[in-house]
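Trainee: First, the structure itself, so that you have it in front of you.
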Amino acid sequence: MKTPNILATLILSAGLFWACSDDDHPTLIAADEPAITAPASGSSYILSEDDATEQADRFVWNRANFSIQTQINYNLQADIPGNDFQNAATLGSTTATQINVSVEHLNNTAIALGLPSGEASEMEVRVVASVSDEVEALVSESILISVTPYGSGNTGTSYLWVPGGFQATGNYGQDWTPSEAPQLRSLSSDPEVFEGYIYFAAEAEFKFTAAPEWGNGEYGDGGSGTLLRDEGPNLKTPAGYYRMQVNTEKLTYTLLDTDWGIIGDAIPGTGWDSDVDLTYDPAKKTWKTTLELQAGELKFRANDAWDLNYGDDDTDGTLEEGGSNINVEAGGTYTVALDLSQPGVYSYTLTAVTE
């Protein structure tokens, strides 16, 4: 039949393969699925943060057969055994038949899937081959590997990343780039709750991600302070400096817009009656002011109220919520700086200004 032969030739040039059915209409053909050849099923990986940039392993597979010579896209996926890849994480995508996976990427994937740090757990890995949306994908048999991720010692993630359209103007790298985005850190008292402070120079959209990359767990807007995992539109907020708290178990979040000041009897004239405002510096990600202080005590507090305040319990320059008053031993001119940019490790400095 000349017509089908011509049709097949034309479709071959487009990178697809069809065959003739009984009614002379073209029918799609897919042949042999890929097969993972390395690493072997049962391979074990004990990951270390010291080796984060090193290669954990090279995953290799046989080329899938779609009965034609055409570009094939491969997606290397991972999931918890028995989950049937319903919440698969992506270890990498390529048009080649191998992918080098770094220690950091394998670790982030394991953590995103909820594997406990410091413990060996199984992970199921497979390859999905595709050529177009119209062609049914070919899927390899899965293999099992054992992964011992590093992290906080808690089950689940110890950080969330917050990529969005605010990053460039807020001095957080490129917009919508998770690897450069600011982070939230899990609380030691509740590992399902994450907290951090983030600056928005103007109204912008954002999302929460479970890893410093897309495709390993995202949280979208579920409405009324709730989140949807791996679905939902972008979240949005007006300009401000926000304390963000996210509960990944209850799928809820809160944003508290804050302005910061200092208060205390170390401040001549105002004492414990009113705050002296600090000014935010986006370049250094700190709140600061320069003023005259006298011997006495002070604290940092948000929004001219005691609902959220920080002190220093151990006189070590790190802050605790509701902590002890900060002692100023001698009077003089000081630059006071508050740094909330490192999630869970909030700090301050009192620097004497000399003539």
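Trainee: Pairs, please: C-beta under 6 Å, at least 6 apart or cross-chain, first residue within 21 Å of Tyr197 (Cα to Cα) and in segment 309-320, second basic (Lys, Arg) and modelled with pLDDT of 95 or more?
Mentor: Sorted first by the residue in segment 309-320, then by its partner, the pairs are Asn309/Lys299; Asn309/Arg301; Gly311/Lys299.
Trainee: Would you check if Trp287 is of a type in the set (A, V, I, L, M, F, W, C), closer than 30 Å to Ser186 by Cβ and either open to solvent by 30 Å² or more (accessible area, probe 1.4 Å) or part of a strand (DSSP E or B) (or both)?
Mentor: Yes, satisfied.
Trainee: Of the residues in segment 253-280, how many are open to solvent by 50 Å² or more (accessible area, probe 1.4 Å) and within 21 Å of the chain's Cα centre (by Cα)?
Mentor: The total comes to 3.
Trainee: Let me ask you something else. Only one of (1) modelled with pLDDT of 95 or more; (2) buried (at least 18 other Cβ atoms within 10 Å of the Cβ); (3) not in a strand (DSSP E or B) is not met by Ala202, so which one is it?
Mentor: (2)
Trainee: Take the residues in segment 229-251 that are part of a strand (DSSP E or B), at pLDDT 95 or above and open to solvent by 30 Å² or more (accessible area, probe 1.4 Å), then tell me which one is nearest to Val193 (Cα to Cα).
Mentor: Selected residue: Gln245.
Trainee: Consider Ser189 against the criteria (1) open to solvent by 50 Å² or more (accessible area, probe 1.4 Å); (2) over 22 Å from the mean Cα position of the chain (by Cα): it satisfies all of them except one. Which criterion is unmet?
Mentor: Against the list (1) open to solvent by 50 Å² or more (accessible area, probe 1.4 Å); (2) over 22 Å from the mean Cα position of the chain (by Cα), Ser189 comes up short only on (2).
Trainee: If a residue must be of a type in the set (Val, Ile, Thr) and part of a loop (DSSP other than H, G, I, E, B), how many such residues does segment 166-194 contain?
Mentor: Here the count works out to 2.
Trainee: Shifting gears a bit: Considering only residues that are crowded, with 18+ Cβ neighbours inside 10 Å and either touching a Gly at 6+ places or on another chain (Cβ under 8 Å) or at pLDDT 95 or above (or both), which ones fall in segment 173-185?
Mentor: Asp175, Trp176, Ala181, Pro182, Gln183, Leu184, Arg185
Trainee: Residues Ser274, Ser179, Ser224, Ser186: which one is closer than 30 Å to Thr333 by Cβ, out of contact with any Lys or Arg (no Cβ under 8 Å at 6 or more places or on another chain) and of a type in the set (Ser, Thr, Tyr)?
Mentor: Among Ser274, Ser179, Ser224, Ser186, only Ser274 is closer than 30 Å to Thr333 by Cβ, out of contact with any Lys or Arg (no Cβ under 8 Å at 6 or more places or on another chain) and of a type in the set (Ser, Thr, Tyr).
Trainee: Also: Provide a single number: the residues in segment 321-355 that are part of a strand (DSSP E or B), surrounded by 13 or more Cβ atoms within 10 Å (Cβ to Cβ) and not aliphatic (A, V, I, L, M).
Mentor: 9
Trainee: Take the residues of segment 30-53 that are β-branched (Val, Ile, Thr) and in contact with a strand residue (DSSP E or B) (Cβ under 6 Å, 6 or more places away or on another chain): which is most open to solvent (accessible area, probe 1.4 Å)?
Mentor: By that ranking, first place goes to Ile46.
Trainee: Considering only strands (runs of 3 or more DSSP E) fully contained in segment 54-149, which possess at least 2 residues that are acidic (Asp, Glu), open to solvent by 30 Å² or more (accessible area, probe 1.4 Å) and in contact (Cβ under 8 Å) with a residue 24 or more places away in the chain?
Mentor: 121-130
The values are calculated or read from the model by the stated rules, or taken from the named source; none is laboratory data. Quick caveat, the model's predicted, so the values are computed rather than measured. Methodologically, a virtual Cβ is constructed for each residue, glycine included, from the backbone with ideal geometry; neighbour enumeration extends over all protein chains shown. Remember, those area values only see protein heavy atoms, side chains included, never the ligands or the DNA or RNA. Shrake-Rupley method; radii C 1.70, N 1.55, O 1.52, S 1.80 Å.
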